[in-house]
1. Tell me, what is the per residue accessible area of the chain in Å², probe radius 1.4 Å?
2. At a Cα cut-off below 24 Å, give the lysines reachable from Lys625, other chains included and same-chain residues fewer than 8 away excluded.
3. Return the FRET efficiency for the residue pair Lys511, Lys111: r is the Cβ-Cβ distance, R0 is 41 Å, and the value is rounded to the nearest 0.05.
4. Mind checking the full-extension length gain between Asn141 and Ile363? Use 0.36 nm per residue of separation minus the Cα-Cα distance, one decimal, nm.
5. Taking 7 Å along the Cα-to-C-beta vector as the label spot, tell me the Gln441-Thr466 distance in nanometres, rounded to one decimal.
6. Which whole-number percentage describes the relative contact order of region 335-439, with Cα contacts under 8 Å and a sequence gap of 6 or more?
7. Between Tyr432 and Glu456, what is the spin-label point distance in nm, taking each point 7 Å from the Cα along the Cα→C-beta axis?
8. What number, in percent, do you get for the relative contact order of the chain if the mean sequence gap of Cα pairs under 8 Å and at least 6 apart is divided by its residue count?
Amino acid sequence: MNIDYSKVGLKTGLEVHQQLDTETKLFCSCKPELFKEEPEVTFLRRLRPTQSELGQIDPAAYFEFQKGVKIRYEANRKTSCLVEMDEEPPHDLDREAVETALTVALMMNAKLVDEIHVMRKTVIDGSNTTGFQRTCVIALNGEMSIEGKKVPIQHVSLEEDAARKMGEKGSTIQYRIDRLGIPLIEVTTAPVIYSPQEAEKTALAIGRILRATRKVKRGLGTIRQDLNISIRDGALIEIKGVQQLELVSEVVEYEVQRQLGLLKVRDDLKKRRVNEENIKDEIIDVTSVFNQTKCKVIKKAVSRKQRVMAIKLPQFAGLLKMELAPNMRLGSEMADIARFWGRVGGIFHTDELPAYGITTKEIDDLKKLVKVEPQDAVVFVADAVENATDSLKAITQRAKKALKGVPEETRAANPDGTTRYMRPRPGAARMYPETDVPPIQLSEEYVKKLRTCLPELPEQKVKRLTKEYGLNTKLVKQILNSEYVDLFEKVAKETKVSPTVIAVALTETMKAIRRDGIEVEKVTDEQLRELFGLVDSGETAKEAISDIIRWLSKHEGATVKEAVESLGLAMISQEKLEKIMDDLMSENKSLIADKKEGAFGPLMGMIMKKVRGRVKAELVGEILKRKLKSFIG
Ligand SMILES: [Zn+2]
């Protein structure tokens, strides 16, 4: 879709969260690592925020507490202690994390605070055992230059990461507290980004500065972006958890499309003369329609003594299935809302029926029972009466908001760049001081010392890499945007492999492999160094790099030599190569007799098919030319 972003009044602000690779966590001496094994310790909690702490808390989260949600925390001894369990006060701020955050702030020309104060920010979804997140502002009012445009950095903060959600069973949510307390740097831009491309460029530029400190973690989940996006006549939407910098432009693009789509729905409803009074909370039990149904979901619900409940959405026919942005429809928005507010699995609506085993006859009976006009839509849910009622009430509310356009809400990013409803937008977060952690004063001398040993700025690095390694600009940018710039320099210095080959392997090849869903993060820097070493010594070919990395991603702990052997990618000796050639040439006698020197091309193709990746192409050409000459002669 071609959108003039300045015309629609797009405004975007970015919030980048990056995990730091420090020795210890932010408030204790545990290792900032995640564990895969079974937990050694589990404990059950039910957070009960007091009224005073609730303040402006978002109503949805409070709603969840009323439903008696319990939290099961999982831990092991290496990654958690009494601090994460909230049985012991936090220790002093980790100085390594503070120094890294200060370095980032200085690289963004931000004004450092005189004294770092730890604050508590209320969190009541259970992701923190304490019920709040500890955070501290490090610096304010920075600035970055994005292709000549100044983008203000509102603040650089240091905070503790939250526990990670492992799943949900009934009304118990499972969290693992290994991630809780890992230091995170938060960088927030002003909402002055006016196009999807600009948003992505800004995110990438922030990423480059963060990585320049050499103190950040890498791999999926270690950097997360939140985006605040609005358009004229639309609403301010907060999108949480974009995990890849390359997805930022897509997320912005889709969100603009989604908001424009919702504005079109609003205009259509206006034309159809719908008003709020027409949309009623009349929930009707329609279970009788589905007594003989072939629809599995409904059948299962009914067999559990649950009910099928429906509401009418007047004049909404056709609007629920209208695509707002790829894979995002008003119908799917309503389904997400129903899941959140009513804890149901999903909804049915007449725009998408007949389907799922529901017949035309059933739809007709349903419409009769709900008393609809042709332009009306019906939404129904099969679940426990209470859940079905809660979800349908939430859908009625959502339908009313469709008359006004785009409702303000917090959304979660999906891996494909689309988003889903997460919860209503909370009020401004309430902060209060963390009295257990003493403030840190920043002496002038200390700051001066930091300033004199700042890491190389990305723009300097671009110039240096171009000059030192003869890379083209595109490749330099790619390697800087990747997580491998240090490794690149190390390998380029210690081997004679062409820097371009190394850079392409660490950027484009890695990206292509990742796109195939392979966890390329599992391949360590040491393995990659070993791989380039083998290419350097001629034990394997540069053409084999991609296959070897793929193999290593799937065989954790294996050596590169094992990969080469198991894939049959060891180089072929010249002797063996000549034998293969001789055989091929005698098999193709008539071709050679026919075409003479012209047989070189086809023969070369046949040989490369057999030996690709196991021999240098130049060598094949050389030998073949010689052999062909003597064969013809
Ligand atoms: Zn700890």
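1. That works out to 48 Å² per residue.
2. Result set, ordered by chain and number: Lys542, Lys576, Lys579, Lys589, Lys595, Lys596, Lys609, Lys610, Lys616.
3. Efficiency for this residue pair is about 0.65.
4. 74.0 nm
5. Each label point is offset 7 Å from its Cα along the Cβ direction, giving 4.6 nm.
6. Once normalised by length, the contact order is 28 percent.
7. 4.9
8. Relative contact order of the chain: 14 percent.
The values are calculated or read from the model by the stated rules, or taken from the named source; none is laboratory data. Model, not experiment: these values are computed from the prediction. For neighbour counting, all protein chains shown are included, and Cβ atoms are generated from backbone atoms with ideal geometry for every residue, glycine included. Surface accessibility is based on the protein's heavy atoms, side chains included, excluding ligands, DNA and RNA. Shrake-Rupley method; radii C 1.70, N 1.55, O 1.52, S 1.80 Å.
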